[in-house]
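In what follows, a structure is listed as structure tokens, so that the remarks can point back to it.
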Amino acid sequence: MTTRDENELLTRTGPGTPMGGLLRQYWVPALLPEELPEPDGPPIRLQLLGEQLVAFRDSHGRIGLLDKHCAHRGASLFFGRNAEGGLRCVYHGWKYDVAGRCVDMPNEPEPLTGDEDSPAAQAEATRAAGAPRPFKEGIQLKAYPVCEWGGIVWTYMGPARPPPALPALEWTLVPDAHRYVAKRVQECNYLQALEGGVDLSHIAFLHRTLDPGRDREDQKLTRRDVRPTFEVVETDCGLMIAARRHADAGRSYWRISQFIMPWYTMFPPLIDEGAGGHAWVPIDDERCWAFSITWDPDKPPSVVGEGIYGELIPGTYRPRANRDNDYLVDRAAQRTVSFTGIPGFAAQDCAVQESMGAIVDRSRERLGPSDLPILALRRRLRAAANAFLAGGEVPGLDPRSQHVRPAAVVLPREIPVAVGAKDALSADPGTSR
Ligand code: FES
Ligand SMILES: [Fe+2]
């Protein structure tokens with residue numbers, strides 16, 4: 001059982017919180033490159049881990065991620081003019097480069113050069129030397145390092161200089177054409193979404209279709225046994241979560257997910273669809289970004305796009321099926337087509353996870369053996385946050401530890417999954433699936 005205090009620890013990610021401190025030790029998936037398509041294009045607003053930011057691509061193509069509020073008197077730089085190597089506040093014209101340095105302050109008197117020799121100038125110099133006054137060299141706006149890598153614009157919001165190595169999850173390493181990345185807003189705490197990513201017993205219910213005749217092989221195996229048992233193994237980077245279902249002839253069907261610190265999940269591949277994964281990144285404590293990635297080390301993935309990720313409201317990253325329209329639930333379809341009547345996997349997950357409330361009260365849950373992976377996830381995150389608070393090592397930062405893959409395998413019943421699926425779960429660069 002999870003207490004109220006543990007729930008607070010796990011779900012609060014703003015500046016100064018223990019979990020916020022831990023999450024800031026990792027590179028953060030911040031944006032899709034398509035959001036800042038061209039140099040000197042419009043800046044965009046962005047919120048991450050409760051911090052209000054603005055992002056822009058400068059004249060040289062570099063991305064800046066700055067405090068949204070101008071250092072002068074706090075106007076939003078979202079309205080800024082992005083030109084000639086920086087973002088200029090439209091209130092009084094202060095201008096910042098991608099590193100957050102104030103490079104121009106056109107509303108203030110010219111700085112003194114030191115060679116003024118008239119008595120009036122000397123008097124002014126004396127006054128200025130003793131008086132605090134804005135001075136652009138001393139103005140530094142909060143700015144985070146940014147890197148474009150593996151189909152994502154990442155940022156590092158923590159204190160380490162230099163920042164840690166970039167993530168090396170398999171999908172970041174495959175050729176661009178072998179990867180598809182999408183994102184959407186989810187209107188609940190990141191942990192609810194993340195828990196959905198390691199919850200392997202819901203597939204047979206939430207995502208069930210009502211026509212077994214059209215099942216693919218993996219769906220047949222899942223439908224056959226809806227009471228999986230679980231094995232969870234701690235890995236160097238997170239958790240391996242294996243769900244075992246009875247298959248035919250003394251064999252077991254294993255669906256194996258990976259959790260990678262601090263917010264990545266990888267779910268078992270469906271036949272011929274490459275592998276799938278997510279990053280669940282807090283926007284604030286009541287919303288998160290769901291980055292969805294499909295990849296295949298061997299070839300471009302065959303099924304991508306709206307088909308699995310759901311349609312978005314044009315010009316936004318909000319799904320068209322959302323809580324304001326009950327996720328387009330169709331009660332007739334719920335009787336004949338699918339278990340939920342809600343179209344699409346992503347909307348189905350969103351509907352149930354958002355319906356729990358922005359931050360579910362975990363002290364009221366009634367957990368059973370099928371929730372073993374959820375408890376293991378909470379334990380791993382809590383232990384990491386506590387270790388971080390105590391000055392200990394942050395797990396999962398070593399890129400080599402991240403070379404893992406999800407898998408779905410059928411094994412003789414007596415073979416332990418860690419043995420039988422060992423090769424399928426390793427994603428050392430250059431290995432195929
Ligand atoms: S508030 Fe931005 S320049 Fe004054
Ligand atoms: Fe799901």
All positions within the stretch 76-100 that are touching a helix residue (DSSP H, G or I) at 6+ places or on another chain (Cβ under 8 Å), in a strand (DSSP E or B) and not aliphatic (A, V, I, L, M):
TYR96
Can you tell me which condition ASP104 does not meet? The list is (1) in contact (Cβ under 8 Å) with a residue 60 or more places away in the chain; (2) more than 9 Å from ligand 1 (Cβ to nearest atom), and all the others hold.
(1)
Over the stretch 314-368, the set of residues assigned to a loop (DSSP other than H, G, I, E, B) and on the phi > 0 side of the Ramachandran plot is GLY315, GLY341, GLY344, GLY357
Where in the stretch 222-303 are there strands (runs of 3 or more DSSP E), lying wholly inside it, with at least 1 residues that are touching a Phe, Trp or Tyr at 6+ places or on another chain (Cβ under 8 Å) and over 27 Å from ALA177 (Cα atoms)?
238-246, 275-284
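Conditions tested, residue by residue: (1) at pLDDT 95 or above; (2) assigned by TED's automatic domain parsing to the domain that holds LYS95; (3) surrounded by fewer than 19 Cβ atoms within 10 Å (Cβ to Cβ); (4) outside any strand (DSSP E or B).
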position: ASP5; (1), (2), (3), (4): yes, no, yes, yes
position: GLY16; (1), (2), (3), (4): yes, no, yes, yes
position: GLN52; (1), (2), (3), (4): yes, yes, yes, no
position: ALA55; (1), (2), (3), (4): yes, yes, no, no
position: GLY61; (1), (2), (3), (4): yes, yes, yes, yes
position: LEU65; (1), (2), (3), (4): yes, yes, no, no
position: GLY74; (1), (2), (3), (4): yes, yes, yes, yes
Go through the residues of the stretch 227-243 one by one and say whether even a single one is more than 23 Å from GLN353 (Cβ to Cβ), over 23 Å from the mean Cα position of the chain (by Cα) and surrounded by 15 or more Cβ atoms within 10 Å (Cβ to Cβ).
yes
Consider VAL185 against the criteria (1) in a loop (DSSP other than H, G, I, E, B); (2) over 30 Å from PRO416 (Cβ atoms); (3) touching a residue at least 12 places away in the same chain (Cβ under 8 Å): it satisfies all of them except one. Which criterion is unmet?
(1)
Of residues in the stretch 194-220 being away from ligand 2 (no atom under 16 Å from the Cβ), within 24 Å of GLY341 (Cβ to Cβ) and part of a helix (DSSP H, G or I), the one modelled with the lowest pLDDT:
ARG214
Restricting to the stretch 25-36, count the residues that are closer than 23 Å to ARG318 by Cα and touching a strand residue (DSSP E or B) at 6+ places or on another chain (Cβ under 8 Å).
8
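The values are calculated or read from the model by the stated rules, or taken from the named source; none is laboratory data. Here the structure is a predicted model, which is why all the values come from computation and not from measurement. Ideal geometry is used to build each Cβ from the backbone, glycine not excepted, and the neighbour counts take in all protein chains shown.
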